[in-house]
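The values are calculated or read from the model by the stated rules, or taken from the named source; none is laboratory data. Owing to the predicted nature of the structure, the values given are computational and were not obtained by experimental measurement. Every residue, glycine as well, gets a Cβ built from its backbone with ideal geometry; the counts of neighbours run over all protein chains shown. Accessible surface areas use protein heavy atoms only, side chains included; no ligands, DNA or RNA. Shrake-Rupley method; radii C 1.70, N 1.55, O 1.52, S 1.80 Å.
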Amino acid sequence: MNTRLFTWVDKKFRETDKTQIFRTKNIRLIPEIANRRGGKISYAEWAHVIGIFQTIIYQTLENKTGNNILDIGCGTGLLGIAAEPFTADGGTYTGVDVMADDINFCKGNFKANNYKFVHFDVANPSYAEKQSKALTQWPIESDSQNLVTALSVWTHLSEPDAIFYFNEIARVLKKGQKAIITFFYMDDAYTKSLPIRNDEAGRFHNTNQKSWIYDISAYGSKNWFTTAWAKNPEDAIGITPAGLHILLESSGLKLVQYYPGNWKEYPGIFFQDVMIFEK
């Protein structure tokens, strides 16, 4: 790929495309290619995923405006864009991430007064290896949030981290409110997909089918697994149904909706599994 040419074309395209956005106001915030991360860089794919999660957020929230939304692993703001309509009329959005560069970018890209971005100085072997290794509460008040979102965060957490921070979801949510979290969930649908996988792009996604086989224990866990290609287990983490049960038992959260992902070689609304939890 000619990176310089792609960057130039992307800049000119976005400048022109913004003049043609008539009905989807918030996608004006999609950043330039250098700041589109999170496993996807295409402008079209960012817009696609924003639309998916804007729909899920709408379906999940009881009140459609005035919500306090906490986005864990906010990256460069993909779900911050999806969440924008639902923070109108007195709501707030708080994006938290272990990557300081992403937080600094978001502070410059999102100008709304009700948007706040926080660098979380905690280590992750795949994304922030040199930061503090202590399990630390999020800098968020208890019982304060209407919604917690985390797009591809628990897919990068070891068992101890996954349990600790799942309990944090329960701590910060108001009673009766919900969280939208994505996983690689190793349920029966995943098991049934293994015999049909081959060394080609997926039937319903565009990555290699064999990349998403979770057959190596992550740090000796019985329920958290990683892939053969991962340099660190946290590069890609899958959890078993027993692992999900541990998260639910520890946190007291309840699973209320499950959308299987198309990484399992079956049609899905998104690549990863999307789960909705309620406090």
>> What are the pairs with Cβ atoms under 8 angstrom where one residue, in the stretch 264-279, is crowded, with 20+ Cβ neighbours inside 10 Å and the other, located anywhere, is among the charged types (D, E, K, R) and assigned to a loop (DSSP other than H, G, I, E, B)? Sequence gap at least six, or different chains.
In response: Glu265/Arg197; Glu265/Arg203
>> Between Gly38, Gly75, which is assigned to a loop (DSSP other than H, G, I, E, B), touching a Leu at 6+ places or on another chain (Cβ under 7 Å) and small (Gly, Ala, Ser)?
In response: Gly38
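Are any residues in the stretch 35-57 more than 23 Å from Val118 (Cβ to Cβ) and open to solvent by less than 10 Å² (accessible area, probe 1.4 Å), and if so, which ones?
Ile56
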> Which one of Ser126, Ser132, Ser142 is open to solvent by 40 Å² or more (accessible area, probe 1.4 Å), farther than 28 Å from Lys254 by Cα and either under 17 Å from the mean Cα position of the chain (by Cα) or of a type in the set (Gly, Ala, Ser) (or both)?
Replying inline: Ser132
> For the stretch 178-214, what are the residues that are open to solvent by 40 Å² or more (accessible area, probe 1.4 Å), touching a residue at least 12 places away in the same chain (Cβ under 8 Å) and in a strand (DSSP E or B)?
Replying inline: Lys178
>> For the stretch 1-24, give me the residue count where each residue is more than 13 Å from Trp46 (Cβ to Cβ) and either assigned to a loop (DSSP other than H, G, I, E, B) or without any contact (Cβ under 8 Å) to a residue 12 or more places away in the chain (or both).
In response: 16
>> Would you confirm whether or not the stretch 169-176 contains a residue that is open to solvent by less than 50 Å² (accessible area, probe 1.4 Å), within 29 Å of Ile41 (Cα to Cα) and outside any helix (DSSP H, G or I)?
In response: no
> Does any residue in the stretch 136-162 that is closer than 15 Å to Glu234 by Cα and among the small types (Gly, Ala, Ser) come within less than 8 Å, Cβ to Cβ, of a residue that is open to solvent by less than 20 Å² (accessible area, probe 1.4 Å) and part of a strand (DSSP E or B) six or more places away or on a different chain, and which pairs are these?
Replying inline: Ser152/Thr182; Ser158/Trp224; Ala162/Trp224; Ala162/Ile239
>> Name the single residue that is nearest to Ser144 (Cα to Cα) among those in the stretch 58-104 being open to solvent by less than 40 Å² (accessible area, probe 1.4 Å) and of a type in the set (Phe, Trp, Tyr).
In response: Tyr93
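Those residues that are charged (D, E, K, R) and closer than 18 Å to Ser152 by Cα, I need them from the stretch 180-223; list them, please. Lay out the reasoning, then the answer.
Taking the stretch 180-223 as the starting set, the residues that turn out to be charged (D, E, K, R) are 187-188, 192, 197, 199-200, 203, 210, 215, 222.
Of everything in the stretch 180-223, just one residue is charged (D, E, K, R) and closer than 18 Å to Ser152 by Cα, namely Asp187.
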> Any idea which residue in the stretch 108-123 is least open to solvent (accessible area, probe 1.4 Å), counting only those that are in contact with a helix residue (DSSP H, G or I) (Cβ under 6 Å, 6 or more places away or on another chain) and not in a loop (DSSP other than H, G, I, E, B)?
Replying inline: Phe117
